[in-house]
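Reading through the C-alpha cells given below for one structure.
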Amino acid sequence: MHTASWHSVGMTLDECIKCNICTAYCPVAAVTEKFPGPKYAGPQAQRFRESGQLKSPDLSVDYCSACRVCNEVCPSGVKIAEINARAKAQIVAERGIPLRNWFFGRNEILGMIGNLAPQIANLGFHNPFSRLMAEKILGVARHAPIPHWSTRGSFASWFNRTPRLKSENKVVYFHGCSTNYYEPEVGQAAVAVLEHLGYEAIVPPQNCCGLPMLNNGEFPAAEKLYRSNLAKLLPYADRGYPIVGTSVSCVLVLREEASEMLDIENDQTRRFKNALWDLSEWLRDLHEQGKLDTNFRELKMILPYHVSCQARAHRMGRPSLDVMTLIPGLDVREGNAKCCGLAGTYGYKSEKYEIAMKVGADAFRFVRAQGDDARMVTSDSEICRWQLQHGTQKLGRAPIEILAAAYGLYDLDQRRLNTVALQKSSL
Amino acid sequence: MTELVVIGAGLAGLIAATRAAQAGHQVKIVAKGFGATHWHAGSIDLLGYFPNETIAIQRPLDAMRDVARVQPQHPYALLSDAQITDALKNFLALTREIGLPYVGAIQDGDNLWLPSPVGAARPTFLAPHAQRAGDLTRAEPMLIVGLRGMRDFYPELIAENLGKQGHPARAAFLPLDLITDRRDITTVQLAYALDDPARRARLASELKKLAQAGERIGVIGPNSVPGIRLTNALCNHLRQLGARVDVNMDVIAFRAEGDRVLWIESEASGRPLKHRAEKFLLATGGILGGGINTDHTGKIRETIFDMPLVAPRDRGQWFRARFFDPAGHPIFRAGIPVNREFQPVDANGARVFANVWAAGSTLAHCDPILERALEGIAITTGSAAACFAGQK
Ligand code: SF4
Ligand code: SF4
C-alpha cells in the first residue's frame, strides 16, 4: 500500500502488557458488541496483520471511532488508535473506499459547493426526504447532526471583505473547513480577539487538514492535503509567526497525527509543528507571560465544558478551561465524559449513529445535569458542539466565542460580532 | 497557582491528592496512565505476610508494629499509630462519601479472607461492601458460578481449591449468551453489560434456580472492576474538590534551583507542557508501576527526578533462584529512601529537595506485593506524605 514504514507506531505494540485498561475505557466497546475493544483490534490483531497476508484478518477495527481514549489511559504508551487507523488504511487499500466515506473525506469540497448557494444547499440537503435518501443510498445517518452551510458567507470571504488591523505582531490563523463554511462566527470571534489584543491576524491560503481522510483510511489523499498545508504555511512558521487554530482536531492533525500516522517526520514537519498552537493554548501562554488582557466583563452564566477527546489527545492540559476561568461571573463546569460519540465523521454513518449516541450519553447527561439555567455548552471541537447540541438542545459555542463575548466583542445569542468590534477592526 | 502537583494516578497519588484538596490546597494530578487499581482486586491489602513467612497475618495493625521493629526502614515503620489510624479512617469515610463503602472483617482489626481467582484464601483488610459475602471466615457453603466461555475464571478450580482448604464449595456454569452476544468478553465489558437491568434480572433469575438453600453465590471473580470504580469515583470527587486530574502526561523533564523543584514538564502534541507548583509529590509506583525503570545495562533509575535509590547493585542480584521464594526478589524492594516526613533522601540521609515528597510503591524497603500491602502502603503513606506537604 502506502509508502510509509510502519515502524514508529508499530514498534509500540511490543510495549503492550495486555492489561486491558484500554478495553476498560474504550467508549465504543462499552456500548456495542460489534467492537471487541482496543487491545484486540489494536496490538493483538496487529500481530496478524504484519505477517503479510493478502486480506486483513479483522474488519471490526472499522468500528474504532479514533477517539484516542485508549492511548490516553494505556500505561505503556502503546499507540493503539494509530495502529487502528493504519489497519483501516490497509483495508481501504485492499478493498477500496465506500462512496460515502469518500464523500466524508472530501468535506472541504462539499463545504465549497454548498457555500456557492448555501440557502439552496441547506434546503436541498437538510430536508427529511433528502436525509432519508442519503441514509438509504449512501448510509449517511438520517438524524445525525450534520452542520448547515453558513448563510452568512464563508469565513475567508468575510475576512478579506472587512478592513483589518495592521500590527508588528502577527499571528497566522488556521480556520479549518468547518469554520470556513459552517461556522464562520468562530473565526470572526478569533480574529476579533486577536485584534483586540493588538495582533494582526493573517489568514493565508490553506486547505483541509486531512482529518476526515485519515479517519476513513484514505492515507494517500490525506498526505497530499498535509503536504499542501505544509507548503503553504511553513514560510510563516519560518518567519517566526505563531500559527493558531480554533479547531483542536485540525491542529492535532497538523501538529502530530498526520506526520505520525503517515510517517513523514523531518525537519520541516518539526518546524511546522513548533509554530502551531491551539488558540486557547496560545492565549494561556500569553497569560503565563503576563501579556493577556484580563479586563473581561462579567459573564453571568453556567457553562458546561465538555473536554473533547481530541483536546485530550493533545496532552496540553485544559487551556480553554484555564482561560475561561479568568472570566468573572462565569461558572464553567468541567465534565468527565470520555467522548461525545460523534468522533470526526463516525457518528454520521448510519450503522454507527446509534453507537455514537450511546457513547455520547454520558456527555449529554453531564450537560443536562447543569440545569435549565445553563443554556449553552462549550467544547473545543466543533464536532462535539454539534453532537452536544443535538443530544441536549443546548446551544453549542466555541471557547473563543465565550472569550470574545467576555471582551465585549461578541454577542453569544446572535452569534455575531458587536458593533464595537466591527468599528475597531475598521480602524 | 497550583500548590501541589501529584505525579501518578494510582491509589497513593489519588489519596494524597484528595487529602491535600480536602485541606483546601490547589492540587493537580499529572499522570502517565492509571495505576495498579486497574488490575488488582479493588480491596485494600494492609499487611498479609512477612517476608520469609508463609503463615498469613491475622491482625495486621498489630503486625505493622512488628514490621517497625524488624524492618526499621519499612514505610510502615516511618508511620505513627495515629497516622495509620487517621489514614484508614479517612479512607473509610471517603469511600462512604463517594458512594462505594468499604468494610472490614466482622472482628474489628482482623484481616478479611476472600477467595482469590484460583480459590486461595487471600488476606485483605478492607473490601468493597459487595465483596463481603465472600468472607471465608463465614460458614455458609459457596456456589461458584462461571459463564461458559469466559476466559480467566475457572469455577471448578476455585471450588476444588476452596474445598481442600475446608470451605465447602461447588461449581456451576451459565451460558455466556445469557448476558451478551460477544463470544469473548472481559470482566469490564461484562460489568458494562450488567449495568443493564434486564440482563441483570436474567442473571439473577438463573442464579436463583442454581442455588440451594443456605448457599452464598460467588460470580465472575477476576479483578479490576472494583478498582476501576474506585479510581473513577476518586477522580470525580477530586474534580468536585476543584482539583485537576490529567492523565496521558508523560513527564520528561524538570527544573530545580537550589534545593527546590520549580516545574516539571510533560510531553505533548506540540511544545512540552510545564507544570509549575510550590510542591511536588511523587506517587509513580515502583518497578512494576513505572516509577522506577531499568535499562539494558542493569542501571536502575527513578524516572522523574532521578532520585537516589536503594536497589540491588547489579543485575545478578535482582532475582533469587526460585520464583516463589518466600523471601521475595530484591529488585521488587528497589525504591526511593525517604525520611520520616516522606521526603526523598540521599545515601547520607540528607533531603534531596525541600519541596518534594514521595509515597506508595515507589518507596524503598518494602515489597508491597509479597507483603500483601500494596494498597495499605499507598493509602497510609499517601495520606501521611500529603499531610507533611501541606504543613510546609
Ligand atoms: S480510538 Fe477510541 S474507539 Fe478506537 S479503540 Fe481507542 S478508545 Fe476505542
Ligand atoms: S492499555 Fe496498553 S498495555 Fe494495556 S492492553 Fe491496552 S494497549 Fe496493551
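For chain B, find the longest principal axis of its Cα atoms and tell me its angle to the long axis of helix B:81-97, 0 to 90°, nearest 10.
Long axis of B:81-97 versus the principal axis of chain B: about 60 degrees.
Suppose we compare each residue of segment B:250-298 in its chain alone and in the full protein complex with a 1.4 Å probe; which ones drop by at least 40 Å² of accessible area?
By number: B:S269, B:R271, B:L273.
Using alpha carbons only, what's the Rg to Rh ratio of segment A:241-296 with Rh from Kirkwood?
Working: Rg = 13.3 Å, Rh = 12.2 Å.
Taking Rg over the Kirkwood Rh, I get 1.09.
Working with all protein chains in place, sort A:K166, A:K79, A:K18, A:K34 by solvent-accessible area computed with a 1.4 Å probe, largest first.
A:K166, A:K34, A:K18, A:K79
At a 1.4 Å probe radius, carbon and sulfur cover how many percent of the accessible area of the protein assembly as shown? Don't jump to the answer; show the numbers that get you there.
Values: 17650 of 33020 Å².
Roughly 53 percent of what the probe reaches on the protein assembly as shown is carbon or sulfur.
If I ignore ligands, DNA and RNA and count only protein heavy atoms, how much of A:I146 is accessible to a 1.4 Å probe, in Å² to the nearest 10?
Surface accessible to solvent at A:I146 totals approximately 30 Å².
What is the interface area between chains B and A, defined as buried accessible area summed over both chains with a 1.4 Å probe, reported in Å² to the nearest 100? Kindly include the intermediate steps, with their values, before the conclusion.
Details: alone 18410 and 17480 Å², together 33020 Å².
Chains B and A together bury roughly 2900 Å² of accessible area.
Residues of segment A:69-99 losing 40 Å² or more of accessible area relative to the isolated chain, 1.4 Å probe, heavy atoms only?
SASA drop of 40 Å² or more in segment A:69-99: A:E72, A:P75.
Quick one: if the Förster radius is 60 Å, what FRET efficiency do B:R276 and A:E33 give, using the C-beta to C-beta distance and rounding to 0.05? Each step should come with its number before you reach the end.
Numbers: r = 46 Å, r/R0 = 0.76.
Efficiency, rounded to the nearest 0.05: 0.85.
Can you give the FRET efficiency to the nearest 0.05 for B:L207 and A:H143, using r as the Cβ-Cβ distance and R₀ = 35 Å?
E between B:L207 and A:H143, to the nearest 0.05, is 0.35.
Report, to the nearest 10°, how far helix A:279-288 tilts away from the longest principal axis of the Cα atoms in chain A, using its own Cα long axis and a range of 0 to 90°.
60 degrees
Taking the full set of protein chains and a 1.4 angstrom probe, give the accessible area of B:R199 in square angstrom, rounded to the nearest 10.
About 60 Å², rounded to the nearest 10.
Which residue, B:T294, B:V352, B:N339, has the largest displacement toward the positive end of the dipole of the protein assembly as shown when charges sit on each Cβ (Lys, Arg +1; Asp, Glu -1)?
Of B:T294, B:V352, B:N339, it is B:T294.
Quick one: what are the phi-derived ³J(HN,Hα) couplings along segment A:258-274, Karplus 6.51/-1.76/1.60 with θ = phi - 60°, whole Hz, x for glycine and proline?
Each residue's phi maps through the Karplus curve to give 4, 5, 6, 6, 8, 6, 10, 10, 8, 4, 5, 5, 5, 5, 4, 4, 5 Hz.
Suppose all protein chains stay in the model; what accessible area per residue would a 1.4 Å probe give for segment B:113-223, in Å²?
Each residue of segment B:113-223 exposes 50 Å² on average to a 1.4 Å probe.
What FRET efficiency do you get for B:N348 and B:R132 if R0 is 45 Å and r is their Cβ-Cβ distance, rounded to the nearest 0.05?
On the way: r = 48 Å, r/R0 = 1.06.
According to the calculation, E is roughly 0.40.
Can you give me the angle between helix A:107-116 and the longest principal axis of chain A, using Cα atoms only, in degrees from 0 to 90, rounded to the nearest 10?
40 degrees
Counting only DSSP beta bridges with both residues in the protein assembly as shown, what percent are antiparallel, rounded to the nearest 5? Don't skip to the end; give the middle numbers.
Working: 26 of 72 bridges.
The antiparallel proportion sits near 35 percent.
Mind jotting down a quarter of the surface of the convex hull over the alpha carbons of segment A:7-96, in square nanometres, one decimal?
Working: hull surface 21.3 nm².
With every direction weighted equally, the projected area is 5.3 nm².
Which residues in segment A:317-339 place their backbone N less than 13 Å from a point set 7 Å from the Cα of A:E298 along the Cα-to-Cβ direction?
The answer is A:328-331, whose backbone nitrogens lie closer than 13 Å to the label point.
Using a ≥ b ≥ c from the Cα gyration tensor of segment B:209-358 (square roots of the eigenvalues), is it rounded, prolate or oblate, where a/c under 1.5 gives rounded and otherwise the larger of a/b and b/c decides, a/b for prolate?
Working: a/c = 2.24, a/b = 1.30, b/c = 1.72.
Oblate shape, in that a/c is at least 1.5 and b/c is the bigger or equal ratio.
Kindly report, to the nearest 10 Å², the accessible surface of B:H167 as traced by a 1.4 Å probe over protein heavy atoms only.
Surface open to solvent at B:H167 totals about 40 Å².
Can you list the residues of segment B:310-342 with backbone N under 18 Å from a point 7 Å past the Cα of B:Q391, pointing along Cα to Cβ?
B:338-342
Taking H as built 1.01 Å from N, whose amide H comes closer than 5 Å to the amide H of B:V261, not counting residues under 5 places away?
Under 5 Å from the amide H of B:V261: B:A354, B:N355.
Could you work out how far apart the two model spin labels at A:R270 and B:V70 are, taking each label as a point 7 Å from the Cα in the direction of the beta carbon, and quote it in nm?
5.4 nm
Magnitude of the Cβ-charge dipole of chain B, K/R +1 and D/E -1, about the Cα centre, nearest 20 debye?
Details: 43 positive and 39 negative charges, 80 e Å.
For chain B, the charge dipole is close to 380 debye.
What does chain B give for Rg and for Dmax, in Å, if only its C-alpha atoms count?
21.8, 70
Only bridges whose two residues both fall in chain B count here: according to DSSP, what percent of them are antiparallel, nearest 5? Kindly include the intermediate steps, with their values, before the conclusion.
Working: 23 of 50 bridges.
Given both bridge residues lie in chain B, the antiparallel proportion sits at roughly 45 percent.
Tell me, what ³J(HN,Hα) does each residue in segment A:237-247 have, in order and in whole Hz, if you take phi through Karplus 6.51 cos²θ - 1.76 cosθ + 1.60 with θ = phi - 60° and put x for Gly and Pro?
3J(HN,Hα) across segment A:237-247, in whole Hz: 4, 5, 7, x, 7, x, 10, 10, x, 9, 9.
Would you kindly calculate the mean projected area, averaged across all directions, of the convex hull enclosing the Cα atoms of segment B:113-223, in square nanometres? If you can, show how the numbers build up before the last one.
Working: hull surface 26.5 nm².
Dividing the Cα hull surface by four gives the mean projection, 6.6 nm².
Counting Lys and Arg as +1 and Asp and Glu as -1, each charge on the Cβ, what is the dipole of segment B:113-223 about the Cα centre in debye, to the nearest 20?
Working: 15 positive and 12 negative charges, 27 e Å.
Computed about the Cα centre, the dipole is about 120 debye.
Would you pull out the residues with amide H under 5 Å of B:A171's amide H, same chain only if 5 or more places away, H placed 1.01 Å from N?
When sequence neighbours closer than 5 places are left aside, the close amide H contacts are B:I144.
If you project the alpha carbons of chain A onto the principal axes, what extent comes out on each, in Å, largest first?
Sorted largest first, the three principal extents are 64, 48, 42 Å.
Solvent-accessible area per residue for chain A at a 1.4 Å probe radius, Å²? Mind showing how you got there, number by number?
Values: 16100 Å² over 427 residues.
Each residue of chain A exposes 38 Å² on average to a 1.4 Å probe.
Just how large is the dipole of the protein assembly as shown about the Cα centre, in debye to the nearest 20, putting +1 at every Lys and Arg Cβ and -1 at every Asp and Glu Cβ? Don't skip to the answer; put the middle values down first.
Numbers: 93 positive and 83 negative charges, 241 e Å.
Result for the protein assembly as shown is approximately 1160 debye, rounded to the nearest 20.
What number, rounded to the nearest 500 deg cm²/dmol, is the helix-based mean residue ellipticity at 222 nm of the protein assembly as shown, given -39500 (n - 2.57) per DSSP H run of at least four residues and division by all its residues? Kindly include the intermediate steps, with their values, before the conclusion.
Working: 32 runs with 307 residues, N = 819.
That comes out to -11000 deg cm²/dmol.
Scan around B:L281 for amide H atoms under 5 Å from its own, H built in the peptide plane at 1.01 Å from N, and keep only partners 5 or more places away or cross-chain.
When sequence neighbours closer than 5 places are left aside, the close amide H contacts are B:V5, B:V6, B:I7, B:W357.
What is the spin-label model distance, in nm, from B:R301 to B:R200 if the labels are put 7 Å beyond Cα along the C-beta direction?
Here the answer is 4.8 nm between the modelled labels.
Can you give the Rg and Dmax of the protein assembly as shown based on its C-alpha atoms, in angstrom?
28.0, 89
The values are calculated or read from the model by the stated rules, or taken from the named source; none is laboratory data. The structure displayed is predicted, hence computed values, not measured ones. Reconstructed Cβ throughout: ideal geometry from the backbone, glycine too, with neighbour counts over all protein chains shown. For accessibility, only protein heavy atoms count, side chains too; no ligands or nucleic acids. Shrake-Rupley method; radii C 1.70, N 1.55, O 1.52, S 1.80 Å.
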